[in-house]
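The values are calculated or read from the model by the stated rules, or taken from the named source; none is laboratory data. Everything numeric here is computed off the predicted structure, so don't read it as measured data. Cβ placement follows ideal geometry from the backbone for every residue including glycine, while neighbour counts extend to all protein chains displayed.
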Amino acid sequence: MKVIHGLKIGGLQQKIFNLMLIFILALVGAFAGMQLYQHRQLAQVVETAGLEQQVSIEESSEATMDAVLNTSMTKTTALQAYIADDLFSDVREDVLTLQTFATELFANADSFSPHPFYPPDAANDGIPSVQVQHEAGVDPQDSESLALAANMSEVLLSMFRNSKKLSSCFVATPDGNILFVDDRAGAYFEEDGSVSDFAVTSRPWYLQAVEAGDLIFTGVESDAFTEIPGLVCAAPVYRDGELVAVVGADIFLTSVQEYVENSVANGGFLCVVNENGQVLFSPNSEGTFRPALSADAPDLRQSGNAELAGFVTEALSGKTGLQRVTVDGKDYYLSGAPMATVGWTVISAVEASVCRQPTEALLQRYDDINAASLAAYRSGAVRSQRFFFLVMLLLAVLAVTAALALAKRIIRPLEHMTQRINSLREGDLLFEMEDVYRTDDEIEILAEAFASISRKTQNYIRQITEITAEKERIGTELALATRIQADMLPNIYPAFPDRPEFDVYASMDPAREVGGDFYDFFLLDDDHLCILIADVSGKGVPAALFMMASRIILASNAKMGKTPAEILTDTNAAICQNNREEMFVTVWLGILEISTGKMTAVNAGHEYPAIRHPGGSFSLFRDPHGFVVGGFDGVRYKEYEIQLEPGSRMFLYTDGVPEATDADKKMFGTDRMLEALNQHPDAPPEEMLENMRSAVNGFVRDAEQFDDLTMLALVYNGPEANKK
């Protein structure tokens, strides 16, 4: 490379200079050519298109006004529909919340006590309060459903207080009672001071919700006590397929009515049409758009005006855009937008004659401005052209000078960086930042990257060594934890070699190094055997620690001579005292009376046991479930009995068995589990578990184990086996 006046010919410096110079000169040339061409074209257009422009202005102006009206009116209508629909969307979410809460409440009825309820109190008029009404001849005190539903009192009261849209919210029971919250307690009394009867199960919202089997909105009707127009959103609540309640909320539509009535301005107005094509709200007191209640209003889709009928039909299904329709002898621009939640639509209407006035004013103003602009353009065009060429010449000179200086500035730190990198040797790999690299651009970033890489390279071997050592330490500790956990569970078989009346075998295969499942079995005395199996929420080390504590508490309570229900009740109380992580455990626990075969058991949210009686096959025993242990304090558990005959078999398991998943995300399931058990129904306990593990492995194949796999098998031989 040759150096001429500081410029390296053939090097990167020359290439940068050439590139910048070519770009700048091309840019200046393009601007100059564009300016000349544009000036000539504009001069020709201004001189020859005067008359044609005057003719086309009116057409284009009117088309522009129509387009603006179409865009603005359509967007405004959609926005108004969205704002109006937001009222019903929020109410819908409130009712879905009540439905979810009520479903859980009735599904777990055994966990709740009857809650007190009270009739309306005139002293509470104007104060949000919980109150009860009922049908004629119904005594609320006889209703178990109402006493259970009254546990929702605080939820209803909080929802009413926190919403400015609800006029009331309620839960009604099929036996003719309704628990509701509003601030109109004084409206529910007869002249003699008695509380008015309320036909709960014959109200439209009750009948429609039950018939639909899902959330519904009623039509607009007058309130049964205040005569204020409104509607009801209601949803049914089922337990095991049986209707147990209907929840809902009332909405007074006075705000929507006032908003629509105040929408009249400059020949335009709004109206609201329901899903049946009936005008619900409108500022008009007469004519086609006159409002009426749902029971009295005509269906606009069935009117003699075919254009209007088609427009209303389209508006109920989606946004319409702007359409011109003749209604009651006047031409209107109409735009519609649906309210998705309730199936209504908002229609904006503007008289066509009003829309023409801005167009005419715009045309006159445009003519005046155009005449003045033409004169100003001709006088300024010459001056701007001369000034432009002078500026272009000056920019070209400055660009060449700047390109040369910039090329030198860019190359200098790159040359220094190349020399420093070439000087790096083994043992001296540290590239450090210097002032020459601090250019506040990509060169400085590149230098910082080289410096960072060199530092990282020096630290890499040290970090790899430390990480490897730490990984080995963690692996050693996890392996030790696995052995400790396995040693804590019974693992010596046969477990009771001197007790031929029964045989028991269990196993646990954790999904990780340690697991959250566990099992246990031990003799409480010579005639009682306690067996249990449990599954802690979560996996890994936290679940293992929680599992150890839960097992110790369960075993301690069992060995104190308590019943299965008392064992779980006291264990739940102990765990809930210090459970800030909010973990829980599902438990199945049974105590076998060896002399009689009577098994007294309790299930806290665990899987159903599989039982086989002599001569039969394995099937699920769908025992009553209680709440999980550790869920919340104060839970009481109920126990039940199973009579085992000599030869009866019982198979207990955690959800890792039925929920074992193959590569296609399919689950093993209880049907396959029962099929595997019944292939060898007389197998001893250990073989029973080996067969089940083989069946699961054959189904899962190469898929990763999703959850801990824990199983326990019990064979009851009866007291006669001890005499053989």
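When region 606-659 is filtered for residues that are surrounded by fewer than 19 Cβ atoms within 10 Å (Cβ to Cβ) and aliphatic (A, V, I, L, M), the ones remaining, listed by number, are LEU620, ILE642. Taken together, the residues in region 505-556 that are in contact (Cβ under 8 Å) with a residue 40 or more places away in the chain, of a type in the set (D, E, K, R) and assigned to a strand (DSSP E or B) amount to 3. Filter region 533-568 for residues that are within 35 Å of the chain's Cα centre (by Cα) and crowded, with 21+ Cβ neighbours inside 10 Å and give the result. Correct list: ILE533, ALA534, ASP535, VAL536, ALA543, ALA544, PHE546, MET547, SER550, LEU568. The criterion of being more than 21 Å from GLY647 (Cα to Cα) and of a type outside the set (D, E, K, R) does not hold for PRO494. Entry remark, region 540-578: residues being within 19 Å of PHE627 (Cβ to Cβ) and basic (Lys, Arg) number 1 in total.
Any residue at all in region 580-592 that's assigned by TED's automatic domain parsing to the domain that holds GLY516 and at positive phi? Yes; the residues of region 580-592 include at least one that is assigned by TED's automatic domain parsing to the domain that holds GLY516 and at positive phi. Restricting attention to region 653-693, the residues that are part of a loop (DSSP other than H, G, I, E, B) and β-branched (Val, Ile, Thr) add up to 2. Within region 231-268, if we keep just the residues that are in contact with a helix residue (DSSP H, G or I) (Cβ under 7 Å, 6 or more places away or on another chain) and assigned to a loop (DSSP other than H, G, I, E, B), the residue that is surrounded by the fewest Cβ atoms within 10 Å (Cβ to Cβ) turns out to be ASN266.
Among the criteria (1) outside the structural domain of VAL200 (by TED's automatic domain parsing); (2) not in a helix (DSSP H, G or I); (3) not aromatic (Phe, Trp, Tyr), the one ALA102 does not fulfil is (2). Picking from residues in region 311-334 that are in contact with a strand residue (DSSP E or B) (Cβ under 9 Å, 6 or more places away or on another chain), of a type in the set (Gly, Ala, Ser) and without any contact (Cβ under 8 Å) to a residue 40 or more places away in the chain, the one that is nearest to THR71 (Cα to Cα) is GLY318. If you go through region 557-568 and keep only what is out of contact with any Phe, Trp or Tyr (no Cβ under 7 Å at 6 or more places or on another chain) and part of a helix (DSSP H, G or I), you end up with ASN557, ALA558, PRO564, GLU566, ILE567. Within region 672-680, the presence of a residue that is touching a Phe, Trp or Tyr at 6+ places or on another chain (Cβ under 6 Å), at pLDDT 95 or above and of a type in the set (Lys, Arg) is excluded.
Taking region 668-713 as the range and being among the hydroxyl-bearing types (Ser, Thr, Tyr) and either touching a Leu at 6+ places or on another chain (Cβ under 8 Å) or closer than 24 Å to GLY538 by Cα (or both) as the test, the residues that pass are THR670, THR710. Would you confirm, using the coordinates I've provided, whether GLY186 is surrounded by fewer than 21 Cβ atoms within 10 Å (Cβ to Cβ) and out of contact with any helix residue (DSSP H, G or I) (no Cβ under 9 Å at 6 or more places or on another chain)? Criteria not met by GLY186. May I ask you to verify whether ASP633 is closer than 30 Å to SER113 by Cβ, of a type outside the set (Val, Ile, Thr) and either in contact with a helix residue (DSSP H, G or I) (Cβ under 7 Å, 6 or more places away or on another chain) or not assigned by TED's automatic domain parsing to the domain that holds MET583 (or both)? When the stated conditions are applied, ASP633 passes them. Hey, any hits in region 118-140 for a residue that's closer than 24 Å to ALA235 by Cβ and assigned to a helix (DSSP H, G or I)? Among the residues of region 118-140, at least one is closer than 24 Å to ALA235 by Cβ and assigned to a helix (DSSP H, G or I), which makes the answer yes.
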